[in-house]
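Trainee: My questions all concern the structure below.
The values are calculated or read from the model by the stated rules, or taken from the named source; none is laboratory data. These numbers come from a predicted model, not from an experiment. We place every Cβ from the backbone using ideal geometry, glycine too, and count neighbours over all the protein chains shown. Surface accessibility is based on the protein's heavy atoms, side chains included, excluding ligands, DNA and RNA. Shrake-Rupley method; radii C 1.70, N 1.55, O 1.52, S 1.80 Å.
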Amino acid sequence: MSPNTWVIEMPSQKSRSHPYPRRISPYRTPSLNRDAFTRDSPAAAIAGPTTRTHDHPVFEDIRTIMSVLKASGLMPIYEQVSNYEVGPPTKTNEFYSFFVRGVVHALTIFNVYSLFTPISAQLFYSYRETDNVNQWIELLLCILTYTLTVFVCARNTKSMLRIMNEILQLDEEVRRQFGANLNQNFGFSVKFLVGIAVCQTYIIILRIYAVDGEITPPSYILLAFYAVQNGLTATYIVFASALLRIVYIRFHFINQLLNGYTYGQQQKRKGGGGGGRRHRGNGNHNPTPNPAIMEHFPEDSLFIYRMHNKLLRIYKGINDCCNLILVSFLGYSFYTVTTNCYNLFVQITAKGMVSANILQWCFAWLCLHVSLLALLSRSCGLTTREANATSQILSRVYASSREFQNIIDKFLTKSIKQEVQFTAYGFFAIDNSTLFKIFSAVTTYLVILIQFKQLEDSKVEDPEPDQT
């Protein structure tokens, strides 16, 4: 099953007697992308709910990454109330999260203290004497990013639980109304989690081998916690991207439903060769909608509008929970990518022997941060595009039916006033162009750093004569 595969579960014989009304309209089926949807076999449908469980049908797909965040105190250890509702953590789980965050803050204070003492001298040394400030800024940004992530996650515990409940409730409504179960294989989150662990382990090994002499126990603590800080911050970015992908799937679902009411899709369902003949001739063809299809539009449109508004609220809630973390992480990633590109340039252009340790160190950091930036940019871009596409699809429905133009007018008027963007605390929008903008800025600062290096080298090669 591909990463973008959705599963629509048809109601079984037992579930058809569900007390809630559920309607699966036959005219929807041709409008859906057949490559993106699969249906359960008849045997699975007859077997009923006894062969399949739906405990947290959405968040079970990302349970691995959520388990890591729960264990580290970045996510609340919530209680399961029902298949479509989660509750606040118990007193014991709440105390555990509070204890873990306390240990994290204590180690953070120890890290900051160690940076200004000789303890860290053997671990975090500069490759060039004049570039010593770069490493200290990078380390402080790492500490600041993770500390801010812990504070924001602790503050937004209730908000995150509310977002999860709203997603689960929305899925319950979709299942009641259309018999659809919107699941997606989030294998990318596990792959990123493994990649983060491998990169951090490899970076620690490179750092240990680069140290001359015996490493002291405080240095081991400093190095290990430095890797944990980077790993958990990166894990939270993957989690935020997975949440956005969940919202994207639901935006895409309602857009596919609306596509079934556009004139082009209706002509396909009418069938065939005769439709092409009707389009020939002069250009004064006036499309007429199929009444059998459009009769359900008022009922479905109310559900779609309500679902769209809920998704926008969830989308904004995720942005509010993550915006401070995103500002800090993007700043840290930008600085890390810039300094590692600069170190690569220094090593490649050096007249002496190139250090394999430094090259591997730089490439490991670049692979980690560039992949995270690409994932975040793509997830934000896809979700924002689907959220804005709803009004464009409705405008095509508006042109195909005059009878329901008043219903569509209200939604389009509201959509014009709503600017859907995922931002980093309002400073700039995060979308598909963010990665290009970051690399453009990295190139600019890299040129400045290289010019300072050349100026420094020229002063070393041509010392000023002594004044007599």
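Trainee: Take region 55-94 and flag every residue that is open to solvent by less than 60 Å² (accessible area, probe 1.4 Å) and assigned to a strand (DSSP E or B).
Mentor: Those that are open to solvent by less than 60 Å² (accessible area, probe 1.4 Å) and assigned to a strand (DSSP E or B): S82, V86, G87.
Trainee: Of all residues in region 359-392, count the ones that are among the hydrophobic types (A, V, I, L, M, F, W, C) and either in contact with a His (Cβ under 9 Å, 6 or more places away or on another chain) or modelled with pLDDT under 85 (or both).
Mentor: 3
Trainee: Within region 96-112, can you find the residues that are within 20 Å of V152 (Cβ to Cβ), of a type in the set (A, V, I, L, M, F, W, C) and open to solvent by 40 Å² or more (accessible area, probe 1.4 Å)?
Mentor: Correct list: F98, F99, V103, A106, L107, I109, V112.
Trainee: Another one. Here's a check for you: in region 337-394, which residue that is without any contact (Cβ under 8 Å) to a residue 24 or more places away in the chain, of a type in the set (A, V, I, L, M, F, W, C) and farther than 18 Å from E138 by Cβ is least open to solvent (accessible area, probe 1.4 Å)?
Mentor: Filtering first and then ranking leaves A350.
Trainee: Further question on the same structure: So which of D300, D320 ends up being acidic (D, E) and at pLDDT 90 or above?
Mentor: Result: D320 is the single residue among D300, D320 that is acidic (D, E) and at pLDDT 90 or above.
Trainee: Looking at region 351-365, can you tell me whether even one residue there is within 21 Å of the chain's Cα centre (by Cα) and in a helix (DSSP H, G or I)?
Mentor: yes
Trainee: Hey, D212 hits all of (1) closer than 30 Å to R396 by Cα; (2) charged (D, E, K, R); (3) outside any helix (DSSP H, G or I) but one; which does it fall short on?
Mentor: Here D212 meets the rest and fails (1).
Trainee: Out of (1) closer than 18 Å to C380 by Cα; (2) surrounded by fewer than 15 Cβ atoms within 10 Å (Cβ to Cβ), what's the single condition that is false for R245?
Mentor: (2)
Trainee: Filter region 120-141 down to residues that are surrounded by fewer than 19 Cβ atoms within 10 Å (Cβ to Cβ) and farther than 17 Å from Y342 by Cβ and give me whichever is modelled with the highest pLDDT.
Mentor: The residue in question is L140.
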